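Accompanying notes for the structure given below.
The values are calculated or read from the model by the stated rules, or taken from the named source; none is laboratory data. If you're wondering where the values come from, they're calculated on a predicted model, not measured in any experiment. For neighbour counting, all protein chains shown are included, and Cβ atoms are generated from backbone atoms with ideal geometry for every residue, glycine included. These area figures cover heavy atoms from the full protein model, side chains too; ligands, DNA and RNA do not enter into them. Shrake-Rupley method; radii C 1.70, N 1.55, O 1.52, S 1.80 Å.
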Amino acid sequence: MGGDSQAATGLTRRRRRLSDQETERRMLQAAMDQVNRAGLTVSLEHISFEDVIRDAGVSRSAVYRRWPYKDLFFSDLLKELARGTSPAIVEENPEARRAVDQTILDRLDWLKTPSLRIALATEILRQGAPAELQTFLRSPEWRTYVALHATFLSLPDGDLRTEVQAALTESERNVTAGLAAAYERVASLLGLRLRPALSTGFETLATLANAMVRGLVVMAPTTPALSEETVRADLFGAPDPADWTLPGLALGALAAAFLEADPDAEFDDDRIAEIRRALASEG
């Protein structure tokens, strides 16, 4: 009876054996969770291998079968972080998209005037930039990802640094493609196009906008004025003065430099009503 009681506690219960693939997945996820809680240094000395094994809920024997040396595991962890596969990085923010659509719905009458269509594009950025910056600042996944971009060159020269760089390059390509698609969607809705002299694609606009925001993400924690300071002005053809944060001002200026009203786009009442229905149904 005593033996049965001990078995019931689970102390001697045999753990279900996991596949090597499941062990690897759990270990990398547990380690990434630790990194995102504590922050990143390229050495990863603050991440305990034994704590990762515990958090992953896997057996030590399976772990050491997959990674005979801890350094091999941390090399794989760096490459996994560099791939930028966290949902916070790769998935579109539905709240941000709804905010964009609502800004357009609130100013549909601007679409009839070409100069106001540019103003509407910059108004979207004026309203969205502060929230976007805070999203980056509050996201441990994004902070880790940006930190790895800034520090991977301090890795020893060799295969690992090359592989981490390749993973970062591929993840950046995916991030840029998603942002470019979002910009192109809004431009199409507003009857805007890239200026002919800057017709290198929305990827260039997305790359520069992304770099601008990330620079602010790095600087804002030590320079709060970057996210708090505002300038009141009527800019980019807007009919009334508005308060512009520095991120909004920077992104608005970038959009105004790249975009122009498409001369072939005409907005009559029927087209505007169609846009209203489409945006309302998506919302």
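Could you check Leu120 against (1) aliphatic (A, V, I, L, M); (2) within 18 Å of the chain's Cα centre (by Cα); (3) under 23 Å from Arg232 (Cα atoms); (4) open to solvent by less than 30 Å² (accessible area, probe 1.4 Å) and say which number it fails?
Unmet for Leu120, out of (1) aliphatic (A, V, I, L, M); (2) within 18 Å of the chain's Cα centre (by Cα); (3) under 23 Å from Arg232 (Cα atoms); (4) open to solvent by less than 30 Å² (accessible area, probe 1.4 Å): (2).
Please enumerate the residues belonging to the stretch 140-151 that are of a type in the set (S, T, N, Q) and crowded, with 18+ Cβ neighbours inside 10 Å. Steps first, please.
First, the residues of the stretch 140-151 that are of a type in the set (S, T, N, Q): 144, 151.
Hit for the stretch 140-151 is Thr144, nothing else.
When you look at Glu163, is it open to solvent by 30 Å² or more (accessible area, probe 1.4 Å), in contact with a Lys or Arg (Cβ under 6 Å, 6 or more places away or on another chain) and in contact (Cβ under 8 Å) with a residue 60 or more places away in the chain, yes or no? Steps first, answer last, please.
Numbers: open to solvent by 30 Å² or more (accessible area, probe 1.4 Å): yes; in contact with a Lys or Arg (Cβ under 6 Å, 6 or more places away or on another chain): yes; in contact (Cβ under 8 Å) with a residue 60 or more places away in the chain: yes.
Considered against the rule, which asks whether it is open to solvent by 30 Å² or more (accessible area, probe 1.4 Å), in contact with a Lys or Arg (Cβ under 6 Å, 6 or more places away or on another chain) and in contact (Cβ under 8 Å) with a residue 60 or more places away in the chain, Glu163 comes out as yes.
Do the conditions hold for Leu78, that is, is it at pLDDT 90 or above and under 17 Å from Phe152 (Cα atoms)?
yes
Can you pull out the residues in the stretch 236-261 that are open to solvent by 50 Å² or more (accessible area, probe 1.4 Å) and not in a helix (DSSP H, G or I)?
If the condition is that a residue be open to solvent by 50 Å² or more (accessible area, probe 1.4 Å) and not in a helix (DSSP H, G or I), then Phe236, Pro239, Asp240, Pro241, Asp243 are the ones that fit.
Just need a number here: residues in the stretch 76-95 that are of a type in the set (S, T, N, Q) and within 21 Å of Arg37 (Cβ to Cβ).
Summing the residues that are of a type in the set (S, T, N, Q) and within 21 Å of Arg37 (Cβ to Cβ) in the stretch 76-95 gives 2.
Out of all the residues in the stretch 1-43, which are assigned to a helix (DSSP H, G or I), out of contact with any Lys or Arg (no Cβ under 9 Å at 6 or more places or on another chain) and at pLDDT below 60?
Initial filter on the stretch 1-43 (assigned to a helix (DSSP H, G or I)): 2-8, 20-38.
Cutting the leftovers down to out of contact with any Lys or Arg (no Cβ under 9 Å at 6 or more places or on another chain) gives us 2-6, 8, 21-22, 25-26, 28-29, 31-35, 37-38.
Those that are assigned to a helix (DSSP H, G or I), out of contact with any Lys or Arg (no Cβ under 9 Å at 6 or more places or on another chain) and at pLDDT below 60: Gly2, Gly3, Asp4, Ser5, Gln6, Ala8.
I'd like to know if the stretch 129-139 contains one or more residues that are open to solvent by less than 40 Å² (accessible area, probe 1.4 Å), at pLDDT 95 or above, of a type outside the set (Asp, Glu) and outside any loop (DSSP other than H, G, I, E, B).
No.
Please go through the stretch 140-173 and pick out each residue that is in a helix (DSSP H, G or I) and of a type in the set (D, E, K, R).
Start the filter on the stretch 140-173 by keeping residues that are in a helix (DSSP H, G or I), which leaves 140-154, 159-173.
Across the stretch 140-173, the qualifying residues are Glu141, Arg143, Asp159, Arg161, Glu163, Glu170, Glu172, Arg173.
If you take the residues in the stretch 64-88 that are acidic (Asp, Glu) and in contact (Cβ under 8 Å) with a residue 24 or more places away in the chain, which one is surrounded by the fewest Cβ atoms within 10 Å (Cβ to Cβ)? Steps first, answer last, please.
The first filter runs over the stretch 64-88 and keeps only residues acidic (Asp, Glu), leaving 71, 76, 80.
Of the ones still in play, those that are also in contact (Cβ under 8 Å) with a residue 24 or more places away in the chain are 76, 80.
Working: Asp76: 18, Glu80: 20.
Only one residue tops the list, namely Asp76.
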